[in-house]
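Presented below is the structure to which this report refers.
The values are calculated or read from the model by the stated rules, or taken from the named source; none is laboratory data. The model shown is predicted, which means the values in this text are computed figures rather than measured ones. Glycine gets a Cβ as well: all are built from the backbone with ideal geometry, and neighbour counts include every protein chain shown.
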Amino acid sequence: MKKTIITVVGKDTVGIIAKVCTYLADNKINILDISQTIVQDYFNMMMIVDAGKCDKKFGEMADEIEKIGEDIGVQIKVQQEDIFNSMHRI
Amino acid sequence: MINIFEVNETNNMIEHENLDVRTITLGISLLDCIDSDVDKVCENIYNKITTVAKDLVATGQEIEKEYGIPIVNKRISITPAAIVGGAACKTPDDFVKIAQTLDKAAKKVGVNFLGGFSALVSKGMTKADELLIRSIPKALATTDFVCSSINVGSTKTGLNMDAVKLMGEIVLETAELTKDNDCLGCAKLVVFCNAPDDNPFMAGAFHGVTEADAIINVGVSGPGVVKTAIEKTKGENFEVLCETIKKTAFKITRVGQLVAQEASRRLGIPFGIIDLSLAPTPAIGDSVADILKGIGLEHPGAPGTTAALALLNDQVKKGGVMASSYVGGLSGAFIPVSEDQGMIDAVNAGALTLEKLEAMTCVCSVGLDMIAIPGDTKATTISGVIADEAAIGMINQKTTAVRVIPVIGKKVGEVVEFGGLLGYAPIMPVNSFSCDEFVNRGGRIPAPIHSFKN
């Protein structure tokens with residue numbers, strides 16, 4: 001199972017997690033792990049999700065989630081987990 | 001499981017430190033395109049390239065999207081055209097026709113450069129090699145994406161001084177034919193010694209005859225990442241500095257390895273090598289010169305520059321080799337002048353001269369790269385510069401190259417603008433004392449002895 005990493009960075013505001021999670025639920029994307037911190041007043045969240053049951057193509061899903069970020073004024077990135085495993089795990 | 005700090009570290013490298021995969025280069029053998037009729041050769045070449053590379057750009061974009069890492073260039077390298085066109089081409093214009101076909105194929109598949117309009121003449125030139133070399137000025141003037149490289153020497157064969165002499169003339173003629181376009185033709189022409197068969201970087205990429213039918217080679221980059229990492233080692237000793245560079249190079253290269261494997265899997269084309277080069281761009285912060293400054297030099301060119309570059313190059317290799325299953329190409333730090341804002345600043349400050357650049361090329365890849373020189377430089381002087389650089393490569397068993405741009409109509413101190421990744425460059429002075437008699441001797445410099453290393 002290939003995992004996907006969603007990162008959200010931006011000014012903290014009400015409902016960031018809710019909006020992202022709603023989209024994930026609507027698209028049958030299962031959340032495996034969430035961690036978040038506040039770095040210098042900036043909201044910083046990482047989700048590890050399983051998009052295996054999502055009907056959309058990766059690119060389409062990524063574009064839509066990034067669009068949600070634009071709407072609420074935060075930056076969202078959607079990436080396959082492999083890039084982080086490659087860089088940080090031998 | 002991956003944690004938030006690791007994710008942030010990677011994304012910071014991409015967003016703030018210009019980490020990218022510089023190029024996915026698809027090497028394609030054109031040996032099966034050979035025919036005795038030039039039009040048939042062109043047809044075969046066009047068909048093969050547009051078939052094998054048809055999904056290259058789309059696949060690259062797909063990988064970019066999925067991993068969130070920019071892949072700046074998608075390119076093609078081909079079997080040296082002198083071999084492919086050897087049986088068909090009877091005049092330089094026949095080779096120009098092949099160059100134009102290559103250009104058309106490159107445009108069709110959407111790549112931004114195609115390398116391999118090349119001849120390997122380290123010991124001698126065949127008739128076809130010479131025709132190709134003589135066709136270079138017109139070929140580069142009438143195409144947009146074709147890159148040319150000529151290998152004029154090697155450690156095993158010595159230097160072909162007839163080719164060196166000819167290339168001085170050809171460089172100048174290429175500048176003349178593209179003078180309305182800032183002599184851009186010369187930015188697409190490299191003269192090599194010990195050219196590697198699997199280099200993914202332009203303008204010197206070609207698909208050597210030792211390679212498979214098609215292969216994926218990837219060039220990683222990330223001078224900005226190395227620079228940011230060593231900023232944190234200010235005041236620390238060399239052990240700390242070297243360890244930091246090595247670890248950073250490892251991380252950068254792992255991304256390249258992933259991209260290479262994915263591209264290979266999706267295109268169904270075997271993975272060749274990762275080229276571990278630090279390749280700068282004119283973007284601020286994406287500079288090898290800035291790394292040298294971070295190591296402790298006021299400007300590249302200051303005493304200590306060669307040593308700093310040597311350690312940088314070596315640590316990048318040490319870190320990168322473990323990160324990748326196959327390493328090849330040029331693998332080192334590039335020190336092009338026009339493509340690196342820090343190098344341009346050093347030239348403008350008077351810190352960096354052609355002679356110091358030559359010394360620097362003894363310890364790094366590749367050579368005198370993207371250096372603008374006065375347009376009235378003599379052909380023999382350019383040949384002399386090529387011979388010096390090739391001699392360094394030949395004796396030290398390394399790849400060296402010359403990519404100089406004589407800017408027609410401009411003098412020392414003026415600036416030439418190439419645009420895009422090629423950047424801009426102040427015109428640098430060249431030693432004007434004559435080497436005519438040396439260059440005009442003709443013949444070969446014998447292969448060097450491999451013992452008594454002193």
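A few comments on the model shown:
- Some residue of segment B:227-249 being part of a loop (DSSP other than H, G, I, E, B), more than 14 Å from every other protein chain (Cβ to nearest Cβ) and among the acidic types (Asp, Glu): yes
- Selection count where residues are more than 14 Å from chain A (Cβ to nearest Cβ), closer than 26 Å to B:Ala260 by Cβ and assigned to a helix (DSSP H, G or I), scope segment B:61-83: 1
- Enumeration of residues in segment B:253-293 that are crowded, with 24+ Cβ neighbours inside 10 Å, more than 14 Å from every other protein chain (Cβ to nearest Cβ) and in contact with a helix residue (DSSP H, G or I) (Cβ under 6 Å, 6 or more places away or on another chain): B:Leu276, B:Leu278, B:Pro280, B:Asp286, B:Ser287, B:Val288, B:Ala289, B:Asp290, B:Ile291, B:Leu292
- Scanning segment B:1-56 for residues that are away from chain A (no Cβ under 11 Å), within 30 Å of B:Val226 (Cα to Cα) and surrounded by 17 or more Cβ atoms within 10 Å (Cβ to Cβ) turns up B:Glu17, B:Asn18, B:Asp20, B:Arg22, B:Thr23, B:Ile24, B:Thr25, B:Leu26, B:Gly27, B:Leu56.
- Scanning segment B:198-226 for residues that are hydrophobic (A, V, I, L, M, F, W, C), in a loop (DSSP other than H, G, I, E, B) and in contact with a strand residue (DSSP E or B) (Cβ under 6 Å, 6 or more places away or on another chain) yields B:Phe201, B:Met202, B:Ala203, B:Ala205, B:Phe206.
Yes/no matrix, rows are residues, columns are (1) more than 30 Å from A:Asn85 (Cα to Cα); (2) touching a helix residue (DSSP H, G or I) at 6+ places or on another chain (Cβ under 6 Å):
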| site | (1), (2) |
| --- | --- |
| B:Glu64 | no, no |
| B:Ala87 | yes, no |
| B:Thr91 | yes, no |
| B:Ala99 | yes, yes |
| B:Asp103 | yes, no |
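- Residues satisfying the stated conditions in segment B:416-443, i.e. free of Cβ contacts under 8 Å to residues at least 24 places away in the same chain and not charged (D, E, K, R): B:Gly419, B:Gly420, B:Phe433
Here's the yes/no breakdown for (1) of a type outside the set (A, V, I, L, M); (2) under 19 Å from B:Val321 (Cα atoms):
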residue	(1), (2)
B:Gly168	yes, no
B:Val171	no, no
B:Ala175	no, no
B:Cys186	yes, no
B:Val190	no, no
B:Phe206	yes, no
B:Val218	no, yes
B:Ser221	yes, yes
B:Val255	no, yes
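- From B:Val164, B:Val190, residue being closer than 19 Å to B:Val430 by Cα, among the β-branched types (Val, Ile, Thr) and either in a strand (DSSP E or B) or touching an Asp or Glu at 6+ places or on another chain (Cβ under 9 Å) (or both): B:Val190
- Residues that are crowded, with 24+ Cβ neighbours inside 10 Å, part of a loop (DSSP other than H, G, I, E, B) and out of contact with any Ser or Thr (no Cβ under 7 Å at 6 or more places or on another chain), drawn from segment B:124-154: none
- Any hit, segment B:112-123, residues being under 22 Å from B:Phe201 (Cα atoms), out of contact with any strand residue (DSSP E or B) (no Cβ under 8 Å at 6 or more places or on another chain) and either within 14 Å of chain A (Cβ to nearest Cβ) or in a strand (DSSP E or B) (or both): no
- Conditions (1) part of a helix (DSSP H, G or I); (2) farther than 20 Å from B:Asp93 by Cα; number of the one not met by B:Glu176: (2)
- Tally of residues being of a type in the set (Ser, Thr, Tyr), modelled with pLDDT of 95 or more and in a strand (DSSP E or B) across segment B:22-60: 1
- For segment B:414-431, the condition of being at positive phi and exposed (fewer than 10 other Cβ atoms within 10 Å of the Cβ) holds for at least one residue.
- Applying the set (1) within 23 Å of B:Ala195 (Cα to Cα); (2) touching a strand residue (DSSP E or B) at 6+ places or on another chain (Cβ under 8 Å) to B:Gly86 leaves exactly one unmet item: (2).
- Failed item, numbered, when B:Ile408 is tested on (1) out of contact with any Gly (no Cβ under 6 Å at 6 or more places or on another chain); (2) of a type outside the set (Ser, Thr, Tyr); (3) over 26 Å from B:Arg444 (Cβ atoms): (1)
- Segment B:188-202 - residue that is at pLDDT 95 or above and farther than 14 Å from B:Ala390 by Cα and, of those, surrounded by the most Cβ atoms within 10 Å (Cβ to Cβ): B:Leu189
- Filter result for B:Val240 (within 24 Å of B:Ser154 (Cα to Cα), at pLDDT 95 or above and out of contact with any helix residue (DSSP H, G or I) (no Cβ under 9 Å at 6 or more places or on another chain)): no
- Of all residues in segment B:1-59, those that are closer than 17 Å to B:Val220 by Cβ and touching a Phe, Trp or Tyr at 6+ places or on another chain (Cβ under 7 Å) total 2.
- Selection from segment B:361-394 of residues that are farther than 12 Å from B:Pro426 by Cα, among the aliphatic types (A, V, I, L, M) and modelled with pLDDT of 95 or more: B:Ala379, B:Ile382, B:Val385, B:Ile386, B:Ala387, B:Ala390, B:Ala391, B:Ile392, B:Met394
- Filter result for the condition that a residue is closer than 30 Å to B:Thr253 by Cα, β-branched (Val, Ile, Thr) and in contact with a Phe, Trp or Tyr (Cβ under 7 Å, 6 or more places away or on another chain), over A:Val39, A:Val78, A:Val9, A:Val49: A:Val9
- Filtering B:Ala99, B:Ala87 for residues that are away from every other protein chain (no Cβ under 12 Å), buried (at least 16 other Cβ atoms within 10 Å of the Cβ) and either farther than 20 Å from B:Ser148 by Cα or not basic (Lys, Arg) (or both) leaves a single hit, B:Ala99.
- Strands (runs of 3 or more DSSP E) contained entirely in chain A, each with at least 1 residues that are facing chain B (nearest Cβ under 10 Å) and surrounded by fewer than 17 Cβ atoms within 10 Å (Cβ to Cβ): A:30-39, A:74-80
- Of all residues in segment B:360-374, those that are in contact with a Phe, Trp or Tyr (Cβ under 9 Å, 6 or more places away or on another chain) and either over 14 Å from B:Ile386 (Cα atoms) or among the charged types (D, E, K, R) (or both) total 4.
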